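Below is one structure, written out as structure tokens; comments come after it.
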Amino acid sequence: MTTATASVPSSLTAIVGDSQVVSDPRACAAAAAGGRVPQHIVEPSGSENVAAVLKFCADHDLAVIPRGSGTKLALGNPPRRYNVALSLRQLNQVWHYEAADLTITVGAGMKLGDLQEFLGRDGLWFPLDPSGGASATIGGILATNASGPLRLRHGAARDMVLGMKVATTEGKLIKSGGRVVKNVAGYDLSKLLIGSYGTLGVIVEASLKLFPRPAGRATWVLEPGTFEAARDLRRRILNSPLDPLRMVLLNRRASSRLQNAGEAEGEHSLELWVEVGGPSPVLERCARELVEMGRSVGVQGHRLIEPAAENYWRRLIDFPALWEDFDALVLKSTLPTATCEQFLSLAQQGAERERVNLAGMVQPGVGIAHLGLWGETLASVAERQVTDLRKAAEDLGGALVVERYLKDFNGKWDVWGSAGDSVESMRKMKAVWDPRGILAPGRFVGGI
Amino acid sequence: MKLTAMVRELERLLGREAVLWRPEDLMLYEYDGLSSLRAPDVVVFPRNTEDVVRIVKFAASERLVVVPRGAGTGLSGGSVPWQGGILLAFARMKDILEIDLENQRARVQPGVVNLDLSLAVSDAGYYYAPDPSSQKACTLGGNVAENAGGPHTLLYGVTTNHVLGLEVVLPNGEVIHTGGKFWDAPGYDLTGVFVGSEGTLGIVTEITVRLLRKAEAVATLLAVYDRILDATRTVAALTARGITPAALEMIDGFTLRAIEEATHAGYPMDSAAVLLLEVEGMREAVEENALHIESVCQENKARYVRRAKSSEERDLFWKGRKNAFGALGRISPSYYVQDGVIPRTRLPEMLEFIEQVGANYGVKIGNIFHAGDGNLHPIILFDPRDEDESRRVRAAAGEILAKCIDMGGSITGEHGVGLEKINLMPFLFSDDDLEMMRKIKAVFNPEERFNPGKVLPTSKMCGELRANVSPGGVL
């Protein structure tokens with residue numbers, strides 16, 4: 001099914017209105033994904049329009065990649081084809097807000113920063129701190145299952161989404177779940193859409209569970225000299241009643257990158273950042289016991305003073321952005337929670353062997369590790385590094401995905417690794433939602 | 001296929017001791033917590049995944065229906081074999097396969113009893129958080145099928161928030177693995193789809209769950225009220241102030257009197273309602289929250305608030321709650337439990353509505369429920385031999401659930417749709433919503449070989465239901 005190119009913009013304009021279709025090549029170049037540039041950017045103003053655009057594209061075999069602020073467009077394999085960038089930015093309304101019930105329903109284009117500001121007036125928040133920070137949209141965060149270190153205390157999108165509305169390639173709007181905090185009626189389609197990278201349908205609206213902000217917060221930096229000390233410390237903290245909000249372990253290159261510092265001699269090799277939250281008696285006890293726990297394994301610690309702490313956290317969460325000006329490889333490994341230190345240690349050894357730079361930020365207790373690799377010789381060893389690191393992660397019982405490629409390596413190997421023996425079911429699932437294969441074709445696991 | 005041939009073949013595949021077929025043996029398997037319709041043709045007891053695959057392949061070759069069953073404690077008819085066929089009972093698949101405390105994970109067979117998992121890791125200081133009231137009997141496989149809840153899921157989340165990976169047998173005998181020991185396995189979150197699918201997509205043969213560390217401190221409070229309205233207002237006020245107890249249960253006066261007579265939990269016989277509240281966590285946080293809760297209860301006219309002084313007293317408070325259904329069973333030949341959910345701000349209005357419905361239909365309704373997450377369990381007492389009363393009970397229940405839908409809520413918070421609420425689905429979901437769910441079912445279970453006729457009404461049924469009746473009339 002081919003379409004005369006000239007009629008596409010006018011047909012799209014008929015659906016969404018004049019001002020919301022852009023076909024200017026320069027603007028389209030900015031919406032590129034995996035090296036492919038779309039011919040049109042369409043920005044509908046409502047959910048019905050999103051559904052209509054999807055139906056039009058399905059009928060005319062135009063490949064679509066949905067997007068919010070574009071902070072996660074580097075994720076996934078390069079698309080096999082790409083005609084329309086479908087921007088959800090105008091879907092930024094609050095549809096339903098019941099502060100007293102701790103629930104909210106928002107459009108997918110709502111920016112996380114705007115949402116937090118809105119909720120802040122009532123002392124509430126949506127406790128997710130994914131990369132992309134304040135500009136990431138709710139739809140994008142859910143579609144990519146983005147999370148940050150706050151996951152330690154609050155879980156991920158799958159734990160906080162009560163329901164959603166999704167536009168399908170048939171041009172329909174379907175709902176899953178609802179806006180009450182407990183609901184088992186029907187299949188949980190929200191789980192399926194979360195982390196589907198826009199390959200099944202387009203999330204247009206989501207109902208979220210909200211939480212009160214902690215009364216106070218404090219960040220402690222502990223400096224274990226070795227991975228063994230880091231592991232002992234992590235065990236002590238997680239086996240204690242302290243219940244931190246966030247906890248990350250950084251290697252030396254990660255912390256110096258974070259502080260924009262050079263690599264001064266004598267810097268400690270590892271830093272364990274621990275943020276605790278609660279009323280002041282809780283914070284006081286945490287302070288006392290964190291220092292004590294550090295001391296018991298021979299580790300020094302200090303408290304970071306606000307607002308510097310919050311600033312550092314913001315940069316740290318946006319880990320992939322730390323390499324914006326570099327040609328770097330960014331990897332994310334998901335692991336059994338207690339294997340993070342071991343994985344980082346293995347990665348560091350590998351990087352030393354291959355003479356490349358490696359910055360690592362791992363979330364012990366959650367089981368997520370982010371690695372940034374760069375250096376002059378990286379191009380020649382990158383493929384081997386990915387293969388080795390993926391094997392290391394899989395041997396530890398986890399997986400590894402490539403979050404950002406080197407420029408020259410775009411698309412030469414698989415971003416995702418294996419999805420195991422359920423990949424056929426996933427293909428069938430894709431065929432149910434997107435029989436013509438127009439949604440982000442080829443970007444997902446197994447070439448879905 | 002003739003029954004004798006079916007039995008002979010299953011006995012050959014699994015051994016004689018793994019198959020039940022005599023009518024007197026099958027009687028036990030014709031009902032769950034909801035109803036009794038008909039017995040299965042045979043009951044089989046696999047010991048491992050290979051046995052399940054054998055059974056499923058045999059069923060596929062003979063075009064037989066397979067219905068999985070844990071302990072049969074479900075309340076929506078999810079494991080009732082209403083079309084006969086093979087009932088696959090998990091009583092012999094009850095091994096805890098792996099406990100990995102360092103990673104806070106356990107891998108279990110589906111027949112493991114919920115409480116047994118917590119007991120197995122208790123000495124090391126861990127537990128499995130979802131705690132359905134039937135946790136002494138119900139199985140983790142059944143919990144996964146129903147996405148079971150429980151009082152403490154208010155703070156810690158329901159089953160789906162604690163399950164990371166599954167092994168599933170599909171109707172063609174294929175075995176797939178979803179998720180794993182870690183979060184965010186690459187690919188679609190099929191684990192999240194299987195949890196709560198009520199045995200209609202695949203048969204789960206292995207489950208990987210998260211274990212939590214026990215809290216350092218716990219405070220259990222009993223707040224006593226002279227008016228139901230004040231109790232429901234307390235719940236709304238606590239939520240609005242962002243105080244999330246680990247559990248927040250409400251019991252109305254009628255129900256607590258029945259409980260008190262049966263268990264002597266120490267609930268005051270003359271009160272209109274009690275709230276059972278529990279806060280957990282760090283000592284300092286627990287103290288602060290307990291004081292906060294006490295003052296919110298007082299502000300909302302609690303007669304008094306009592307804090308359990310010992311673990312014995314705490315157990316006693318909970319004993320009453322957990323044995324409530326049994327206590328009501330002592331005073332009524334039967335009862336019908338509802339599972340609606342509403343926004344917590346609407347609780348005061350809803351409880352008045354329920355009282356009105358009871359009066360209108362001339363039926364007695366007790367309320368004992370997870371107030372903190374707005375998950376109602378109105379319990380309507382009746383005598384099933386009285387046909388007119390049974391009809392009025394169903395009508396009253398339908399009206400309550402219709403009101404839940406009206407308030408933007410749900411028809412089920414933790415018990416599932418099963419057979420029971422299938423006719424209400426068209427009032428909660430549109431044809432397009434349900435059509436997508438049917439397609440998803442067809443991905444895994446295209447011929448409805450597994451647990452047929454549950455969860456999703458046929459499209460023909462939807463039109464007829466909506467055309468002819470209001471949601472109040474279809475239960």
Inset, instruction - Spot the failing condition for B:PHE58; the list is (1) free of Cβ contacts under 8 Å to residues at least 60 places away in the same chain; (2) in contact with a Pro (Cβ under 8 Å, 6 or more places away or on another chain), and only one is missed. - result: (2)
Inset, instruction - Report yes if some residue within segment A:258-266 is out of contact with any Pro (no Cβ under 8 Å at 6 or more places or on another chain), more than 14 Å from every other protein chain (Cβ to nearest Cβ) and under 14 Å from A:MET361 (Cβ atoms); otherwise report no. - result: yes
Inset, instruction - Would you check if A:ALA230 is in contact with a helix residue (DSSP H, G or I) (Cβ under 7 Å, 6 or more places away or on another chain), buried (at least 24 other Cβ atoms within 10 Å of the Cβ), more than 9 Å from chain B (Cβ to nearest Cβ) and part of a helix (DSSP H, G or I)? - result: yes
Legend entry - Where B:ASP339 falls short, out of the listed (1) among the acidic types (Asp, Glu); (2) part of a helix (DSSP H, G or I); (3) closer than 24 Å to B:THR239 by Cα: (2)
Inset, instruction - May I ask you to list the residues in segment A:405-430 that are modelled with pLDDT of 85 or more, charged (D, E, K, R) and surrounded by fewer than 19 Cβ atoms within 10 Å (Cβ to Cβ)? - result: A:ASP414, A:ASP421, A:GLU424, A:ARG427, A:LYS428
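Let's see how each residue does on (1) touching a helix residue (DSSP H, G or I) at 6+ places or on another chain (Cβ under 6 Å); (2) on the phi < 0 side of the Ramachandran plot; (3) among the small types (Gly, Ala, Ser):
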{"site": "B:ALA217", "(1), (2), (3)": "yes, yes, yes"}
{"site": "B:VAL235", "(1), (2), (3)": "yes, yes, no"}
{"site": "B:ILE251", "(1), (2), (3)": "no, yes, no"}
{"site": "B:LEU256", "(1), (2), (3)": "no, yes, no"}
{"site": "B:TYR267", "(1), (2), (3)": "yes, yes, no"}
{"site": "B:ASP270", "(1), (2), (3)": "no, yes, no"}
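Every residue in segment B:161-181 that is β-branched (Val, Ile, Thr) and within 7 Å of chain A (Cβ to nearest Cβ), please.
Narrowing segment B:161-181 to residues β-branched (Val, Ile, Thr): B:163, B:168-169, B:175-176, B:178.
Answer for segment B:161-181, where residues must be β-branched (Val, Ile, Thr) and within 7 Å of chain A (Cβ to nearest Cβ): B:ILE176, B:THR178.
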Inset, instruction - Determine the pairs where a residue that is facing chain B (nearest Cβ under 8 Å) and closer than 13 Å to A:ASN145 by Cβ, located within segment A:187-200, has a partner that is polar (S, T, N, Q) and part of a helix (DSSP H, G or I) with Cβ atoms under 8 Å apart, the partner being 6 or more residues away or on another chain. - result: A:LYS191/B:THR160; A:LYS191/B:THR191
Inset, instruction - For segment A:63-71, state whether one or more residues are at negative phi and surrounded by fewer than 18 Cβ atoms within 10 Å (Cβ to Cβ). - result: no
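Can you name every one of the helices (runs of 4 or more DSSP H) wholly within segment B:370-475 that holds 1 or more residues which are among the polar types (S, T, N, Q)?
Hits in segment B:370-475: B:387-406, B:459-468.
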Inset, instruction - Scan (1) under 23 Å from B:ARG227 (Cβ atoms); (2) in the same structural domain as B:SER271 (by TED's automatic domain parsing) for the single condition B:GLU284 breaks and write down its number. - result: (1)
Inset, instruction - Would you confirm whether any residue within segment B:216-234 is hydrophobic (A, V, I, L, M, F, W, C) and within 13 Å of another protein chain (Cβ to nearest Cβ)? - result: yes
Inset, instruction - Could you tell me whether A:SER418 is among the hydroxyl-bearing types (Ser, Thr, Tyr), more than 20 Å from A:LEU249 (Cα to Cα) and within 14 Å of chain B (Cβ to nearest Cβ)? - result: yes
Inset, instruction - Quickly run through segment B:122-155 and pick out the residues that are at pLDDT below 95 and in a helix (DSSP H, G or I). - result: B:THR153, B:LEU154, B:LEU155
Inset, instruction - Go through the residues of segment A:252-266 one by one and say whether even a single one is in the same structural domain as A:GLY398 (by TED's automatic domain parsing), surrounded by fewer than 18 Cβ atoms within 10 Å (Cβ to Cβ) and either part of a loop (DSSP other than H, G, I, E, B) or in contact with a Lys or Arg (Cβ under 7 Å, 6 or more places away or on another chain) (or both). - result: no
Legend entry - From A:GLY107, A:GLY120, residue being at pLDDT 95 or above, surrounded by 18 or more Cβ atoms within 10 Å (Cβ to Cβ) and not aliphatic (A, V, I, L, M): A:GLY107
Inset, instruction - Kindly indicate which of B:ASP184, B:ASP189 is within 29 Å of B:PRO446 (Cα to Cα), at the interface with another protein chain (Cβ under 8 Å from one of its Cβ atoms), touching a helix residue (DSSP H, G or I) at 6+ places or on another chain (Cβ under 7 Å) and without any contact (Cβ under 8 Å) to a residue 12 or more places away in the chain. - result: B:ASP189
Inset, instruction - Please verify whether segment B:67-89 includes one or more residues that are under 24 Å from B:GLY33 (Cα atoms) and in a helix (DSSP H, G or I). - result: no
Legend entry - Scan of segment A:70-124 for residues that are among the small types (Gly, Ala, Ser) and either within 21 Å of A:GLU43 (Cα to Cα) or touching a Cys at 6+ places or on another chain (Cβ under 6 Å) (or both), ordered by number: A:GLY70, A:ALA74, A:ALA85, A:SER87, A:GLY107, A:ALA108, A:GLY109, A:GLY113
Inset, instruction - For B:ARG306, work out the one condition from (1) more than 16 Å from B:ASP252 (Cα to Cα); (2) part of a helix (DSSP H, G or I) it doesn't fulfil. - result: (2)
Inset, instruction - Inspect segment B:394-408 for any residue being farther than 21 Å from B:PHE353 by Cβ, within 24 Å of the chain's Cα centre (by Cα), not polar (S, T, N, Q) and not assigned by TED's automatic domain parsing to the domain that holds B:GLN135 and give the result as yes or no. - result: no
Legend entry - Of residues in segment A:431-448 being over 21 Å from B:LYS439 (Cα atoms) and surrounded by fewer than 23 Cβ atoms within 10 Å (Cβ to Cβ), the one farthest from the other protein chains (Cβ to nearest Cβ): A:GLY442
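The values are calculated or read from the model by the stated rules, or taken from the named source; none is laboratory data. What you are looking at is a predicted structure, and each value in this text was computed from that prediction instead of being measured. No Cβ is skipped: glycine too gets one built from the backbone with ideal geometry, and neighbour counts run over all protein chains shown.
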